[in-house]
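**Student:** Got a structure for you, questions after.
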Amino acid sequence: MTGLLSPQALPTSQIVVPIVGACVLLAAGRYLPRWLVDGVATAVTLAGVALAALSVAATSGGRVVEWSGGWQPRPGLTVGVVLVVDRANAGIALLIAVLATCALVFGWRYFEDVHAHYHALVLLFVAGMTGFVLTADLFDMFVFFELMGASAYALAAFKIEDAEAVQGGLTFAVINSLGAYLGLVGVGLLYARTGQLGLPQLGSALAAHGADPVVLTGFTLVCTGWLVKAAAVPWHFWLADAHAVAPAPICVLFSGVMAPLGVYGVARLYWTAFHGVLPDAAVHRALLVLGVATAVLGAVMCWTQRHIKRLLAYSTIAHTGLFLIGLSALDAEGILGDGLYLAGHAAVKGALFLLAGVLLSRYQSVDERQLFGAATAHRVAGVAFALGGLALAGLPPFGLGLGKSVLDHAGRSTALTVLGIAVSAVTGGAVLRVALRVYFGVGPRPDVTADDDAVTGQDEEPDARPPRERTPVSMSAAIALLFAVGLATGVVPGFATATARAAAQFVDQRGYLDAALRGVQRAVTPVSFDWWGVQGVVLGFVAVGCACGVAVLGTYRTRLPAPVRRPADWAAPVIGGLHRWHSGHIGDYAAWLVFGSAALAGLLAL
């Protein structure tokens, strides 16, 4: 046990423990009572929380490097697979374990009939995500990417008897697999040019070799694979389909960490291997264009949804755009903003998905219009849902607000600040509109028969136990814990300070190579930032005020004077075109995937 908990063994332990737990459940689950299966799975994720916390502590003295199989690099020669843990990926691994624990605890009393293979898939999903963030080998990133994906496809289509669930899981699987195969081709091109697969080895080789068309193509294809998983425009189509059909606890992991891991993959590849090789202006332009397009389209689609889970999914797409905009700054401050934003967003969005799951279990529907006034007896849940919408808008002192404040400063652009406020206000306002209508019956009763969105959320197949009047304690505790985490990321000064050190370490390319290849640790200077400065607080409350205005406009739209409604009427054909663009046809989505890859190559090559 001591060996498993040694700093050098912690990375492997974090990957192996959930895999072993999944194997145990698959072998013995049919013989165990339900409560014991739940207990074993939750114990494994709690062990993951402990291991990840130890890893975070171990990185206080520098990066933790583990060469698998006992191989060690020699001058001019490296053999084997290396795991490199720094403050950033150790923190993400901790976030994964915490979210998985909350999802499993929520599922104790949520599912009526669930077998051990569900818990095994969750643990394999956790192992894939953890391996993806901890490995420092490009091919192993693809391997863990596939483990993560295969588990996620099965979890999305978990309600196998539901045709919509099968369709959503199939779309998810096909589009993400195509992206993964393009990424694998990119890995092959980089290996052909450099003879290296390890990220530190690849960084050293590219520093000596420089960029050429083969290297640029390899980078483009690998980034395409990661951006498909991130659901950036125009690779985003699968995400809403998958979230709409996946069980609510699984959506916590899909939205909270799986999609942002795509952005992490791009950031890790660039800062480890391609920083200084590709022109900064080209990378900045590509990430900025993709980020703005993703943020705007996600916000518009979020606002126009009546299916609550799809609304939350498009909100995730919009916030992925803000992550990409933060990454486009290409500095430590942008990474800091993304880190704070990621932690706060994952927790709050996870809580909102669990609240949506409670609605589905209680009313067999997630149609905002059909549920008008249906949950007025559950005002506490309504307040929580509204609070989640305000937090998404950037309400201080939630971590999202602090992260957005840092990102606004990192962007160094008034236009990007205004865009961030607008996107946060629209997505937060859409969530707040749901809370006002469903839990408080505010505004005129919506027209349920209006067919402005083909996906209504009516008559959904519940993935839960029979309806209850009272939410079980375990489900309420999981929701409360997620809100607490989202709040703690903004009010605990030590968290922001640790994230500032993690951001400085993340962009230290030379330090990463020295630690992995030469065993030399380099000290870094934390990023300086204004913790809840006056400007950040003011802008946060401006976004919250705008979100409240957006929610009121959406709630009372039919009663507004004609001149006020006219802009929305003019936009109706465009909105209808966007909905038709999201056709649900896999062939259409595959075509957009190819187009997106070509567009990314063009943006980088200009």
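**Student:** Being free of Cβ contacts under 8 Å to residues at least 40 places away in the same chain, β-branched (Val, Ile, Thr) and assigned to a helix (DSSP H, G or I) narrows it down to one residue among Val126, Val143, Val98; which is it?
**Tutor:** Result of the check over Val126, Val143, Val98: Val143.
**Student:** Another question about this same structure. Identify all residues within segment 233-268 that are more than 11 Å from Ala156 (Cα to Cα) and of a type in the set (D, E, K, R); write none if there are none.
**Tutor:** Arg268
**Student:** Also, I was wondering about something else. So which pairs qualify, if the first residue must be in segment 173-186 and under 15 Å from Gly596 (Cα atoms), the second must be not in a helix (DSSP H, G or I) and not polar (S, T, N, Q), the Cβ gap must be under 7 Å, and the two must be at least 6 apart or on different chains?
**Tutor:** Close Cβ pairs (under 7 Å, with a partner that is not in a helix (DSSP H, G or I) and not polar (S, T, N, Q)) amount to Gly179/Trp235.
**Student:** To continue, here is another question. Taking the condition open to solvent by 10 Å² or more (accessible area, probe 1.4 Å) and in contact with a helix residue (DSSP H, G or I) (Cβ under 7 Å, 6 or more places away or on another chain), does Phe132 pass?
**Tutor:** So Phe132 does not fit the description; no.
Conditions tested, residue by residue: (1) at pLDDT 85 or above; (2) under 18 Å from Lys349 (Cβ atoms).
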{"site": "Val81", "(1), (2)": "no, no"}
{"site": "Arg87", "(1), (2)": "yes, no"}
{"site": "Ile92", "(1), (2)": "yes, yes"}
{"site": "Leu99", "(1), (2)": "yes, yes"}
{"site": "Phe125", "(1), (2)": "yes, yes"}
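**Student:** Turning to a different aspect of this structure: Would you say Ser328 is polar (S, T, N, Q) and more than 22 Å from the chain's Cα centre (by Cα)?
**Tutor:** no
**Student:** Taking only segment 4-15 into account, find how many residues are free of Cβ contacts under 8 Å to residues at least 12 places away in the same chain and open to solvent by 50 Å² or more (accessible area, probe 1.4 Å).
**Tutor:** The number of residues fulfilling the criteria is 1.
**Student:** A follow-up question, please. Scan segment 490-538 for residues that are part of a helix (DSSP H, G or I), over 24 Å from the mean Cα position of the chain (by Cα) and of a type in the set (A, V, I, L, M) and jot them down.
**Tutor:** Result: Leu513, Ala515, Ala516, Leu517, Val534, Val537, Val538.
**Student:** OK, next. Output the residues belonging to segment 371-402 that are closer than 12 Å to Leu352 by Cα and over 27 Å from the mean Cα position of the chain (by Cα).
**Tutor:** Result: no residue meets the conditions.
**Student:** Of the residues Leu121, Leu184, which is under 30 Å from Ala58 (Cα atoms) and open to solvent by 10 Å² or more (accessible area, probe 1.4 Å)?
**Tutor:** Going through Leu121, Leu184 in turn, the sole match is Leu121.
**Student:** Now, a different point. Restricted to segment 22-51, and to residues that are within 24 Å of the chain's Cα centre (by Cα) and in contact (Cβ under 8 Å) with a residue 60 or more places away in the chain, which residue is surrounded by the most Cβ atoms within 10 Å (Cβ to Cβ)?
**Tutor:** Among those residues, the one meeting the criterion is Ala41.
**Student:** Can you list the helices (runs of 4 or more DSSP H) lying wholly within segment 171-276 that have 3 or more residues being over 24 Å from the mean Cα position of the chain (by Cα)?
**Tutor:** Qualifying helices (runs of 4 or more DSSP H): 199-209, 213-230.
**Student:** Within the group Thr294, Thr304, Thr316, Thr320, which residue is over 30 Å from Gln509 (Cβ atoms) and in contact (Cβ under 8 Å) with a residue 12 or more places away in the chain?
**Tutor:** Thr304
**Student:** Specify the residue that is surrounded by the fewest Cβ atoms within 10 Å (Cβ to Cβ); the eligible residues are those in segment 335-371 that are in a helix (DSSP H, G or I) and touching a Pro at 6+ places or on another chain (Cβ under 6 Å).
**Tutor:** Arg362
The values are calculated or read from the model by the stated rules, or taken from the named source; none is laboratory data. Since we're looking at a predicted model, the values are computed, not measured. Note that each Cβ is placed from the backbone with ideal geometry, even for glycine, and that neighbours are counted across all protein chains shown. Accessible surface is based on the protein model in full, side chains and every heavy atom, while ligands, DNA and RNA are left aside. Shrake-Rupley method; radii C 1.70, N 1.55, O 1.52, S 1.80 Å.
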